[in-house]
1. Residues that are on the phi > 0 side of the Ramachandran plot and under 19 Å from the mean Cα position of the chain (by Cα): does region 101-113 have at least one?
2. Among the residues of region 514-554, count how many are part of a loop (DSSP other than H, G, I, E, B) and either touching a strand residue (DSSP E or B) at 6+ places or on another chain (Cβ under 8 Å) or within 13 Å of ligand 2 (Cβ to nearest atom) (or both).
3. What do you reckon, is residue 182 modelled with pLDDT under 90 and closer than 23 Å to residue 522 by Cβ?
4. When the residues of region 202-216 are narrowed to those that are in contact (Cβ under 8 Å) with a residue 40 or more places away in the chain and more than 19 Å from residue 531 (Cβ to Cβ), which ends up farthest from ligand 1 (Cβ to nearest atom)?
5. Is there a residue being in a helix (DSSP H, G or I), farther than 30 Å from residue 568 by Cβ, at pLDDT 90 or above and in contact with a strand residue (DSSP E or B) (Cβ under 9 Å, 6 or more places away or on another chain) anywhere in region 130-139?
6. Looking only at region 401-424, how many residues end up being away from ligand 3 (no atom under 13 Å from the Cβ), over 31 Å from the mean Cα position of the chain (by Cα) and surrounded by 13 or more Cβ atoms within 10 Å (Cβ to Cβ)?
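The values are calculated or read from the model by the stated rules, or taken from the named source; none is laboratory data. What you are looking at is a predicted structure, and each value in this text was computed from that prediction instead of being measured. Cβ placement follows ideal geometry from the backbone for every residue including glycine, while neighbour counts extend to all protein chains displayed.
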Ligand code: HEM
Ligand SMILES: *[C@@H]1O[C@H](CO)[C@@H](O)[C@H](O)[C@H]1NC(C)=O
Ligand SMILES: CC(=O)N[C@H]1CO[C@H](CO)[C@@H](O)[C@@H]1O
């Protein structure tokens, strides 16, 4: 274990600062004594020193506030309403957010604040300007029209770097452009419509489900689908599948695995260890970002990313080494021709093959690889988990979707790209799921220069956004706004993407629906994800005619708190526990059983 944990580094910095401050104070006292012959009694000296620091902070806060108002006024704008807490520096809100991160529903606290202050406000914890918005007009500015003025920024990068490094999610400027142009060719239409691979993994996946159901047990769909997407993503990108589906499935927390020969639950199984580490590391960096300046205090005794990152690196390094070795062999045997540009790839080249042509920097190679694994696994797996949850909750939607599958594709045929494109209801079900539970529910940028945003209330002046401000935004909250989506915004109803509501709400304002983000940093895997999700859903519905959800099989810490049931909206309706790391997932998994489709009716 490293001795210098992030917490100890932070505390030593604070101590060093206090040390310097006391030294400066003592020196001034001595100088006063020597030159002005003023002898300050010790009590006075201590009191003055103790008051000076908070005094300086207060002056700074007041001065900043004054300057902000003046700059805003100069631009004919107003500062965003402040979310006022009752403790100094809004530390009560920080506490609330920390608690909610562990035990709350996404956005707890922010919904109430938005109700009081409107859809854009300054969270202002520890006097830091944090302009939070759920307005499509603002999100459009951030992501698209004024893209260059909103970066991920140094703060975010520092907090995330233990896992994301300099990968695509965590880079700005040239490094981001490099990743983006290197990756893009792998998402062309040709590449993402090769369904052989999905089909192979889908067969394994569905027979695993059937096997477990036949022995009378439920399956954690989220765990299982996470293995499917990990296997698919690694095979697609690196040409080598990690075979996490082959590692066997977990049983519910309260079940002793029935056969001693079944090794699936032992964490000695590497694939399972890998998944656990993957989630732990994400959890750690997500809380760092969330708890802003105070996170080092939570990591005094240990760096929470260290252990899981060791496991991940042990897994990724051999894959990279193999690709590098392959490349070196080609070089030695003179098979390497003219160097290609980032945009040009060969027919059978994997992303990693391509990447080792462009750089041999081991850090860039590792970060690029891990970032894409994160992008490709959890997002699709969680979205599919939410879809299956909704299909179990709304049997009429299930029946209608299954009818579409049987009408368009049939009971046994392998779906093609054209089939998928024509399945409007399937697309609507996926869209409606991502509207209510977008897997990236909260996101954040940092402003470079000061800017003004249109006021949500047109009778008021625009909102002033200071330079260097944190700019978090929530698509989850935007996706549920009744003024944007209609009075039934909290209802799960795929038809809203097909009937008159589409023209009323979404068509005139496409930025009210942003599950994949927008602008130059829009999700690269969007089409890949739609294809993958559609393919697997079609295969599932060919094989199963209904899903039943067993919330009681989640470990007790993921039981829904009693008080949620009285809440308005989805919080009061849903029976899974949405949790967030970088992306959102169902805490404790999604335990389901399914009825096998009767072949004679097909
Ligand atoms: C339902 C599935 C998915 C959803 C909802 C989703 C959503 C998103 C969102 C919201 C972002 C923006 C993150 C940010 O800028 O802060 C993003 C970025 C990205 N996604 Fe996806 N994603 C999905 C699947 C995938 C898949 C399957 C892949 C690849 C195999 C992928 C690759 C990427 C990449 C490379 C980026 C980084 C883009 C950049 O920063 O330039 N995504 N995704
Ligand atoms: C689903 O949403 C996408 C935007 O991400 C849109 O292009 C598409 O038309 C929608 N389709 C349906 C059927 O809802
Ligand atoms: C594992 C399994 O039984 N898969 C079946 C799912 O349904 C399709 C279509 O009927 C079959 O081809 C698969 O064999």
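1. yes
2. Number of matching residues: 10.
3. yes
4. Result: 215.
5. Looking through region 130-139, none of the residues is in a helix (DSSP H, G or I), farther than 30 Å from residue 568 by Cβ, at pLDDT 90 or above and in contact with a strand residue (DSSP E or B) (Cβ under 9 Å, 6 or more places away or on another chain).
6. So the answer is 2.
Rundown of residues vs (1) farther than 30 Å from residue 204 by Cβ; (2) in contact (Cβ under 8 Å) with a residue 24 or more places away in the chain, yes/no style:
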residue	(1), (2)
486	yes, no
503	yes, no
514	yes, yes
531	no, yes
534	no, yes
538	no, yes
549	no, yes
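Per-residue answers, yes or no, for (1) at pLDDT 85 or above; (2) assigned by TED's automatic domain parsing to the domain that holds residue 203; (3) not in a loop (DSSP other than H, G, I, E, B):
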{"residue": "213", "(1), (2), (3)": "yes, yes, yes"}
{"residue": "224", "(1), (2), (3)": "yes, yes, yes"}
{"residue": "227", "(1), (2), (3)": "yes, yes, yes"}
{"residue": "233", "(1), (2), (3)": "no, yes, yes"}
{"residue": "242", "(1), (2), (3)": "no, yes, no"}
{"residue": "250", "(1), (2), (3)": "no, yes, no"}
{"residue": "257", "(1), (2), (3)": "no, yes, no"}
